[in-house]
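Structure record follows, encoded as structure tokens.
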Amino acid sequence: MALAPVLIRAPGTGIGQILGRDPAVNDGTLFAFDFADTYCWPDQASAPDGSEFINLIDSGGSAFVNTSGPAIGFFDDGFRYNVGATDQVIDLPDETKFAASTGFVVSVVITIETQTQAAKSRICGYFDGSDNTGAWGLYTANGRFYFVINGQVMPSSYTIATFGTGPHTFTLSWADEGDGYKCKLYVDGTLDQEADADNATLNTPTDTTTPTLGESSDDETAPYWIGKICRCIGHDLASTELTVADIAAAEWAVTDGRFVA
């Protein structure tokens, strides 16, 4: 089911204009992919190689399945990544690189399979798996979640075994908080970690060129992650007056109870 669009009314006209097709969007939102939304993914079915996902932001680019053949399985409200040797990848548009950004927020909704994960497996993002350079990303290693935020790794306080299958909403931010740049991680709407940022400028990956959901087997991490990706949305803070906390709260208001394990 498509999310209800956010409408604004032009003064004196009585005509509603679509501001965004997702209640979590704001003036700085660059991309929004919600696979349970029929505007983003009309088929609501497994996606063959080359399938297109429509950005919920009108000015944003599309995402495409890039699997070298196999379809990615769709289950209820997201795409499930399985154990296997083939690429299981959705290529994201350039907006997800946050080129020249001075602050950003990214939220991703995933569920976790109970099967044993690979020793290290990439979930999503725009980062290099060998040295963790890059703007943002999620991966697992040795049973624990790790989050790349502008070239800085923040380990989650949750292990896969104890965290539960989900769904879970992870919100990552890099922003100037007035007393310097901070990296923050919100889990299911609550601030989980905060650290002084190592970088005051945008960090780019050493040798990764395409942001993805899922893993490509030619990267430096394992060729699969076992779980489901339901949603990914990102915001450039330079174009909005909202705080990181505001954006995290808005995202949780949309995702809480929307997805299933």
Among the residues of segment 194-208, is there at least one that is closer than 26 Å to I160 by Cβ, among the β-branched types (V, I, T), modelled with pLDDT of 95 or more and open to solvent by less than 60 Å² (accessible area, probe 1.4 Å)?
-> no
Per the filter on segment 44-57, residues more than 15 Å from the chain's Cα centre (by Cα) and in contact (Cβ under 8 Å) with a residue 24 or more places away in the chain are Q44, A45, S46, A47
Over segment 43-55, the set of residues outside any loop (DSSP other than H, G, I, E, B) and open to solvent by less than 60 Å² (accessible area, probe 1.4 Å) is A47, F53
Restrict the check to segment 213-230 and report whether at least one residue is modelled with pLDDT of 85 or more, farther than 27 Å from A45 by Cα and open to solvent by 20 Å² or more (accessible area, probe 1.4 Å).
-> no
Among the residues of segment 56-102, the number that are assigned to a loop (DSSP other than H, G, I, E, B) and crowded, with 23+ Cβ neighbours inside 10 Å is 3
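Look at segment 241-261 and say how many of its residues are touching a helix residue (DSSP H, G or I) at 6+ places or on another chain (Cβ under 9 Å) and either modelled with pLDDT under 95 or open to solvent by 30 Å² or more (accessible area, probe 1.4 Å) (or both).
Selection size over segment 241-261: 2.
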Is segment 177-184 home to any residue that is closer than 26 Å to F53 by Cα, open to solvent by 30 Å² or more (accessible area, probe 1.4 Å) and modelled with pLDDT under 95?
-> no
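Residues are listed down the side, and each one gets a yes or a no for (1) part of a strand (DSSP E or B); (2) of a type in the set (V, I, T); (3) crowded, with 18+ Cβ neighbours inside 10 Å:
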site	(1), (2), (3)
V105	yes, yes, yes
I110	yes, yes, yes
Q117	no, no, yes
C124	yes, no, yes
V148	yes, yes, yes
P155	yes, no, no
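The values are calculated or read from the model by the stated rules, or taken from the named source; none is laboratory data. Only a predicted model underlies this, so the values are computations on that prediction, with no experimental measurement involved. Note that we place each Cβ from the backbone using ideal geometry, even for glycine, and neighbour counts take in every protein chain shown. The accessibility values were calculated without ligands, DNA or RNA, using every heavy atom of the protein model including side chains. Shrake-Rupley method; radii C 1.70, N 1.55, O 1.52, S 1.80 Å.
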